[in-house]
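*Asks:* Okay, here's the structure, questions in a sec.
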């Protein structure tokens, strides 16, 4: 008999959502919920000395950790791409960020008043 623990760790519990970007020649990006560890590292890496969040960096970190190629499963972006992402169309980046934020459980719609980010 399989234990509850083993059943939990055997499950693929990632949430996936495909986003089509018409402005980028209809490219499709599979946005995935980051793991708890990825999310925690993103928050830690974006903390400022005064305890605030560098929201520009956080936006990029969440997109980087969530965006995957739907055909290969490989990440679309690397952390070194955050600066380049920040140079792209703000409306497109915002769309990707909103999905990444929601899938990470950090969106305002999650009802968490302690969320480090607001939409």
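*Asks:* Looking only at region 14-27, filter to residues that are touching a strand residue (DSSP E or B) at 6+ places or on another chain (Cβ under 8 Å) and not in a loop (DSSP other than H, G, I, E, B); which one of those is farthest from residue 93 (Cα to Cα)? If you could, list the steps in order and put the result at the bottom.
*Replies:* First pass over region 14-27, keeping only residues touching a strand residue (DSSP E or B) at 6+ places or on another chain (Cβ under 8 Å): 14-21, 26-27.
Subset that is not in a loop (DSSP other than H, G, I, E, B): 16-21, 27.
On the way: 16: 18, 17: 16, 18: 15, 19: 12, 20: 12, 21: 10, 27: 13 Å.
Checked region 14-27; the qualifying residue farthest from residue 93 (Cα to Cα) is 16.
*Asks:* Counting only residues that are in a loop (DSSP other than H, G, I, E, B) and in contact with a strand residue (DSSP E or B) (Cβ under 9 Å, 6 or more places away or on another chain), which one in region 28-50 is farthest from residue 64 (Cα to Cα)? Let's see the steps before the verdict.
*Replies:* Pass one, region 28-50, residues in a loop (DSSP other than H, G, I, E, B): 33-35, 46, 48-50.
Still in the list and also in contact with a strand residue (DSSP E or B) (Cβ under 9 Å, 6 or more places away or on another chain): 33, 46.
Details: 33: 11, 46: 13 Å.
Checked region 28-50; the qualifying residue farthest from residue 64 (Cα to Cα) is 46.
*Asks:* Give region 16-46 a look and list any residue that's surrounded by fewer than 13 Cβ atoms within 10 Å (Cβ to Cβ) and modelled with pLDDT under 95, or say none.
*Replies:* Across region 16-46, the qualifying residues are 36, 37, 40, 44, 45.
*Asks:* Which numbered condition in (1) buried (at least 18 other Cβ atoms within 10 Å of the Cβ); (2) farther than 16 Å from residue 103 by Cβ is the only one that residue 2 fails?
*Replies:* With (1) buried (at least 18 other Cβ atoms within 10 Å of the Cβ); (2) farther than 16 Å from residue 103 by Cβ applied to residue 2, the lone miss is (1).
*Asks:* Please determine whether any residue of region 88-100 is over 13 Å from residue 32 (Cβ atoms) and outside any helix (DSSP H, G or I).
*Replies:* Within region 88-100, the subset over 13 Å from residue 32 (Cβ atoms) is 88-95, 97-98.
Imposing the further condition that a residue be outside any helix (DSSP H, G or I) reduces the set to 88-89.
For region 88-100, residues over 13 Å from residue 32 (Cβ atoms) and outside any helix (DSSP H, G or I): present.
*Asks:* So the check is Cβ under 9 Å with 6+ separation or different chains; which pairs have a first residue in region 42-56 that's on the phi > 0 side of the Ramachandran plot and without any contact (Cβ under 8 Å) to a residue 60 or more places away in the chain and a second one that's surrounded by 10 or more Cβ atoms within 10 Å (Cβ to Cβ) and assigned to a loop (DSSP other than H, G, I, E, B)?
*Replies:* none
*Asks:* Still on this structure: Taking the options 23, 17, name whichever one is over 19 Å from residue 71 (Cβ atoms), in contact with a helix residue (DSSP H, G or I) (Cβ under 7 Å, 6 or more places away or on another chain) and touching a residue at least 24 places away in the same chain (Cβ under 8 Å). Break it down stepwise before answering.
*Replies:* On the way: 17 fails: over 19 Å from residue 71 (Cβ atoms).
On inspection, the qualifying residue turns out to be 23.
The values are calculated or read from the model by the stated rules, or taken from the named source; none is laboratory data. In this text, all values refer to a predicted model and were calculated from it rather than measured experimentally. Glycine gets a Cβ as well: all are built from the backbone with ideal geometry, and neighbour counts include every protein chain shown.
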